[in-house]
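Notes for the one structure printed next.
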Amino acid sequence: MHDDLAIVILAAGQGTRMKSKLPKVLHPIGGRPLVGHVLHTADVLEAAVIEIVVRHDRDRVVEAIGDHPGLVVVDQDAVPGTGRAVQLAVDALPDGFAGDVLVLSGDVPLLEADALAALVAAHRDAEAEATILSAVLDDATGYGRIIRDADGTVHRIVEHKDASDDERAVSEINAGVYVFRAAALREHLPNLSAENAQGELYVTDVIRMIRDAGRIVAASAAPDARVALGVNDRVQLAEAGRILNERIVRRWQREGVTVQDPATTWIDDTVTLAPDVTLLPNTHIRGATSVAEDAVIGPDTTLVDCEVGRGAVIKRSDATLADFGAESTVGPFAYVRAGTTLGDGGKIGTFVESKNSQIGDGSKVPHLSYIGDATIGERANIGGGAITANYDDVNKHRTEIGDEVHTGTHNDFVAPVRIGDGAKTGAGAVVRKDVPPGALALTVAPQRNVEGWVEKNRAGTRAAEAAARARRTEEAAGGSEAEAH
Ligand code: UD1
Ligand code: CA
């Protein structure tokens, strides 16, 4: 814990340029809201206090952050601007706090704790009253520019909207992240004015005030200019998401995960992967998903909040809140919904949908089926085209299928219904009554053929002609066959 460091996260703005119902800082990248990344990084620095300044849609922002021990929420009033936000945050600092204040922006999500720790260290080495995190960008449009004196020292920051053409030509920008001595903020923030293009109090104006008072301002360049990216619109949101994903993919590659096509593989920051996992192209691994060693996921697969066992193979499928056992196989083209668990060595095959169902070790649902609200024992085999009729328009009911059960193709299980261990069902059965262990359930009436129906009722059609031809051939052959017997 560093008693001499406080962190302030600015998250009160509306984010007009996003044109969104959702507050800007709640737009997600890598499975967390923008502000969640900033908080996550702030936590690592072990500051004495972390404050977050909120206003626009404040309840939603506070709720999205959730339980965050020690976080102080500061409500910004109707006075607009980053200067006002920092002012209220400074007012809310513990009495007598005399250390440094690290100001972070809720919309600058890619900075890592190392870079911030280096910024604080540079600030202290320079004995500055303020240190700006800077970056040099090819396209600095929209950012505040760092204006230096002839001798190269930082003089002030000018916002894009207030800048002259010459100032706009400057490519060194303010990343919206700074360290200030608390005393400097207390001294200068009350003197801010809103006489600027946006009619707001700018925290950036404190820089000029510190210089005018004859004190030191420093700027420290971000290790990689891309991490200074601020998200103001959806173009920048996608760019930040891509950079973050690149970073996450590389991290897992270095941990022993094979990622065949990093450009089309998307991994949330919240995912856990084991060594020797293979991710094939166009695969999205999201939320709290964890994947055990030797599993192969993809191509064209999305997993959300899933647990994947060792050596499982999941191909061209979509799964949410599901558990897949070791060596199980899924897909191609499976839709696995919440509450599905598949046992070790089990199979959810092609064009199978499942939901809220437990499929036991070694059990297989290989083809064209809907398994909902079902419990299937071990080593059962469910014939192609099985449907659990789990919904009677009012309630959902369960289908229970025992161990070693083999069901025929194209069965309906009208729940609630129970199939005992080792039982079998015939093809096309509509199972409405429980089947005792070891029984064979047949529900289909014997087949009845109405001979000559087509020739009689569909005379003149091509079907009738084909039938007539077949009858004549059969009669010719039948005659001789009958003689042979
Ligand atoms: C700000 C900086 C700019 C810098 C850029 C970096 C100012 C005046 N300008 O510009 O120099 O280059 O960030 O990304 O600070 N916020 C509040 N309260 C408010 C207004 C904003 O808390 O009243 C928060 C926003 O939620 C956001 C952050 O402050 O997280 C920055 O605000 P934004 O409006 O995005 O500032 P920029 O125009 O990007
Ligand atoms: Ca911004």
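Yes/no matrix, rows are residues, columns are (1) free of Cβ contacts under 8 Å to residues at least 12 places away in the same chain; (2) open to solvent by less than 40 Å² (accessible area, probe 1.4 Å):
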{"site": "N411", "(1), (2)": "no, yes"}
{"site": "A415", "(1), (2)": "no, yes"}
{"site": "I419", "(1), (2)": "no, yes"}
{"site": "A427", "(1), (2)": "no, no"}
{"site": "K433", "(1), (2)": "no, no"}
{"site": "W453", "(1), (2)": "yes, no"}
{"site": "A463", "(1), (2)": "yes, no"}
{"site": "T473", "(1), (2)": "yes, no"}
{"site": "G478", "(1), (2)": "yes, yes"}
Q: Among residues belonging to the range 253-267 that are open to solvent by less than 60 Å² (accessible area, probe 1.4 Å) and not in a helix (DSSP H, G or I), point out the one that is farthest from V304 (Cα to Cα).
A: G256
Q) Any idea which of (1) within 15 Å of ligand 2 (Cβ to nearest atom); (2) closer than 23 Å to A288 by Cα; (3) buried (at least 21 other Cβ atoms within 10 Å of the Cβ) is the one G81 doesn't satisfy? A) (2)
Q: All but one of (1) of a type in the set (G, A, S); (2) open to solvent by less than 10 Å² (accessible area, probe 1.4 Å); (3) at positive phi hold for G31, so report the exception by its number.
A: (2)
Q | Any pair with Cβ under 6 angstrom, 6 or more apart, that starts in the range 296-319 at a residue that is without any contact (Cβ under 8 Å) to a residue 12 or more places away in the chain and in the same structural domain as G345 (by TED's automatic domain parsing) and ends at one that is open to solvent by less than 10 Å² (accessible area, probe 1.4 Å) and assigned to a loop (DSSP other than H, G, I, E, B) | A | none
Q. Would it be correct to say that L342 is among the hydrophobic types (A, V, I, L, M, F, W, C) and under 19 Å from R379 (Cα atoms)?
A. yes
Q: Scan the range 376-409 for residues that are more than 21 Å from G345 (Cβ to Cβ) and either open to solvent by less than 70 Å² (accessible area, probe 1.4 Å) or not in a loop (DSSP other than H, G, I, E, B) (or both) and report the count.
A: 10
Q | Selection status of V101, assigned to a strand (DSSP E or B), in contact (Cβ under 8 Å) with a residue 12 or more places away in the chain, in contact with a Phe, Trp or Tyr (Cβ under 9 Å, 6 or more places away or on another chain) and more than 9 Å from ligand 1 (Cβ to nearest atom) | A | yes
Q: Just name the residue that is surrounded by the fewest Cβ atoms within 10 Å (Cβ to Cβ) out of those in the range 10-22 that are within 29 Å of D91 (Cα to Cα) and within 13 Å of ligand 2 (Cβ to nearest atom).
A: T16
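Out of everything in the range 117-154 that is part of a strand (DSSP E or B) and of a type in the set (S, T, N, Q), what residue ends up being surrounded by the most Cβ atoms within 10 Å (Cβ to Cβ)? Before you say what the answer is, go through the steps one by one.
We begin by selecting, within the range 117-154, every residue part of a strand (DSSP E or B); these are 130-136, 145-148, 154.
From what's left, of a type in the set (S, T, N, Q): 131, 134.
Details: T131: 28, S134: 25.
This residue is T131.
Of the residues V54, V49, V72, which is within 16 Å of ligand 2 (Cβ to nearest atom), at pLDDT 95 or above and farther than 20 Å from L229 by Cα? Walk me through how you get there before you give the answer.
Values: V49 fails: within 16 Å of ligand 2 (Cβ to nearest atom); V72 fails: within 16 Å of ligand 2 (Cβ to nearest atom).
Answer to the selection: V54.
Does V72 count as of a type in the set (A, V, I, L, M, F, W, C), open to solvent by 10 Å² or more (accessible area, probe 1.4 Å) and in the same structural domain as V217 (by TED's automatic domain parsing)? Show your work before the answer.
Details: of a type in the set (A, V, I, L, M, F, W, C): yes; open to solvent by 10 Å² or more (accessible area, probe 1.4 Å): yes; in the same structural domain as V217 (by TED's automatic domain parsing): yes.
Yes, satisfied.
The values are calculated or read from the model by the stated rules, or taken from the named source; none is laboratory data. Model, not experiment: these values are computed from the prediction. Every residue, glycine among them, receives a Cβ derived from its backbone with ideal geometry; neighbour counts consider all protein chains shown. In case anyone asks, the SASA skips ligands and DNA or RNA and just uses the protein heavy atoms, side chains included. Shrake-Rupley method; radii C 1.70, N 1.55, O 1.52, S 1.80 Å.
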